[in-house]
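Presented below is the structure to which this report refers.
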Amino acid sequence: MKHVEIISGGSLPNIPWQEKPEQVGKIPIWRYTENPVIDRNPLPGVARIFNSAVLPYEDGFIGVFRGEQINGIPYIYLGRSKDGIHWDYEPDKIRFVDENGKDFAPVYAYDPRLVEIEGVYYIIWCGDFYGASIGMAKTTDFKTFTRIENPFIPFNRNAVLFPRKINGNFALLSRPSDSGHTPFGDVFLSESPDMTYWGKHRHVMGKGSEWWESVKVGSGAAPIETSEGWLLFYHGVSGTCNGFVYSMGGAILDIDNPSIVKYRCETFLLTPEEWYEERGFVPNVIFPCAALTDKDTGRVAVYYGAADSYVGLAFTYMDEIVDYIKNNSVVTEADTEIGIR
Ligand code: BMA
């Protein structure tokens, strides 16, 4: 009997899925045995695809992919898949236009997230707006991608939309930062009545007290609506003498006031262990950008970038992961307060 209901999205019987292996550790999440699902040099002119987002679409899946071009500049590519694992990419990067249909290409675009709200698909990425900031575009057909003119000022990264309006407004998590590869960063919530003007900013959560997330945190996959609150898979960063290590964490936000963190898991959910996570262009990176759910079975599939070189897939059941997060939850006052000062 399931005890945590998945409210986001619908039934997804063809979710890419593998059952839990016998030898899974204490943390109830397990990797796809055929990882990485996307290998190097996935299409001409692209050296690596990693930090990418996927949604169910038509009779299969659609994805927006961070493709590192062979000149080193990241951009977003579109791909389609029948099974969520094998992908056919469009050979050219996504062509974005402005509201008048004129070409409006970002200088660069990385770490895309993909969220559907009321039949419109939004791509959110990190781009250049006189410094790293949030890029956003919408599409209804995956043919025309219309950019929403610079919704945020720099510096900001790791933005993701909630999959429905909350109290009548669109809601977005982001991580304001500084001009560098910022050694700090808290997650904030912003609201908008129209996807153009954003305000009513609230603090959600800061870096954690645990070592694995003690440098900075950033939201990852679009929050998943459940009967316990919004489940957020995010990344937490630890500093070592050999550089940053990125792990995946889990938190549950209040359903009506998502600036309130109800539960926050004190341990990571996934940390670099496999060769494709530990070894690559940037070693020791697990960077979740999407999660698919099937409300009938409670299955969850998480897509994550691995070592800035590959895409990995991990599976869990909603009941098990929510129980684990709740049973290992440690929240601070900065987490549980409404986040207004
Ligand atoms: C972050 C982002 C991610 C990347 C990570 C590790 O700041 O740039 O795209 O995966 O660093 O290099």
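Where a number appears in this text, it was derived from the coordinates with a stated rule and is not lab data. Because the structure is predicted, anything quoted here is derived from the model rather than measured. Reconstructed Cβ throughout: ideal geometry from the backbone, glycine too, with neighbour counts over all protein chains shown.
Using the alpha carbons of region 90-138, what is the convex hull volume per residue in cubic angstrom, as a whole number?
Working: hull volume 4.9 nm³, N = 49.
For region 90-138, the hull spanned by Cα atoms encloses 101 Å³ per residue.
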**Fill in**
Expected vector for region 276-286, Karplus 3J(HN,Hα) from phi with 6.51, -1.76, 1.60 and θ = phi - 60°, integer Hz, x for Gly and Pro, equals 6, 9, 8, 10, x, 4, 10, x, 6, 10, 10
**Asked** Rg to Rh ratio, region 69-202, alpha-carbon atoms and Kirkwood radius?
**Response** 0.96
**Fill in**
region 148-262: spread of alpha-carbon positions along the three principal axes, whole Å, largest first, is 46, 34, 18
**Item:** Surrounding net charge for Lys326, when Lys and Arg each add one and Asp and Glu each subtract one, Cβ distance under 12 Å
**Value:** -3
**Message:** Assuming 0.36 nm per residue, please report the length gained on full extension of the stretch Thr33 to Asn14 beyond their Cα-Cα distance.
**Reply:** 5.1 nm
**Item:** When region 224-286 is reduced to its Cα atoms, the Kirkwood hydrodynamic radius in Å
**Value:** 12.9 Å
**Message:** Starting from 0.36 nm per residue, how many nanometres of slack lie between Phe142 and Ser214 once their C-alpha separation is accounted for?
**Reply:** 22.1 nm
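Normalising by the residue count of region 1-151, find the relative contact order in percent from Cα pairs under 8 Å and 6+ residues apart. Walk me through the numbers on the way to the answer.
Values: 281 pairs, mean separation 22.4, N = 151.
Relative contact order here is 15 percent.
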**Complete:** Quick P(r) readout (region 187-341; Cα-Cα; 5 Å bins; whole %) gives 2, 10, 18, 21, 20, 15, 10, 4, 1, 0
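Round to the nearest 0.05 the FRET efficiency obtained for Glu149 and Glu90 when R0 = 25 Å and r is the Cβ-Cβ distance.
On the way: r = 24 Å, r/R0 = 0.98.
Efficiency computed from Cβ-Cβ geometry: 0.55.
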**Asked** Given springs between every Cα pair under 10 Å in a Gaussian network model of the chain, which of His201, His181, His86 has the largest fluctuation?
**Response** His181
**Complete:** Normalised Cα Rg of the chain, dividing by 2.2 N^0.38 Å with N its residue count, works out at 0.91
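Please report the relative contact order for the chain, taking Cα pairs under 8 Å with a sequence separation of at least 6, and give it as a percent rounded to a whole number. Display every interim value, and only then the final one.
Numbers: 978 pairs, mean separation 64.9, N = 341.
It comes to 19 percent, rounded to a whole number.
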**Complete:** For the Asn167, Val120 Cβ pair and Förster radius 22 Å, calculated FRET efficiency rounded to 0.05 is 0.70
**Prompt:** If you place +1 on the Cβ of every Lys and Arg, -1 on the Cβ of every Asp and Glu, and leave all else neutral, what size is the dipole of region 242-341 about its Cα centre, to the nearest 20 Debye?
**Reply:** 160 debye
**Prompt:** Which FRET efficiency, nearest 0.05, do Tyr130 and Thr240 yield, Cβ-Cβ r, R0 45 Å?
**Reply:** 0.90
**Message:** Restricting to DSSP loop positions (anything but H, G, I, E, B) with no more than 10 other Cβ atoms inside 10 Å of their own Cβ, which trypsin sites (Lys or Arg not before Pro) remain in region 106-208?
**Reply:** Lys143
**Message:** How much of the DSSP bridge set in the chain is antiparallel, in percent, rounded to the nearest 5?
**Reply:** 95 percent
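As an exercise, identify the GluC sites (Glu not before Pro) in region 45-107 lying in DSSP coil whose Cβ has no more than 16 other Cβ atoms within 10 Å. Show your work: numbers first, answer last.
Values: sites: Glu58, Glu68, Glu99; in loops: Glu58, Glu99.
Filter output for region 45-107: Glu58, Glu99.
Determine the gain in length on full extension of the stretch Glu273-Thr336; use 0.36 nm per residue of separation and subtract their C-alpha separation, reporting nm with one decimal.
On the way: separation 63, 0.36 × 63 = 22.68 nm, distance 3.15 nm.
Difference between extended and current length: 19.5 nm.
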**Request:** Tell me the label-point distance for the pair Asp254, Asp83, using the 7 Å Cα-to-Cβ offset, in nm and rounded to one decimal.
**Result:** 4.5 nm
**Item:** Relative contact order for region 269-323, counting Cα pairs under 8 Å that sit 6 or more residues apart, in percent
**Value:** 30 percent
**Selection from Trp30, Ser329, Trp125 lying farthest towards where the dipole of the chain points positive, charges on Cβ** = Trp125
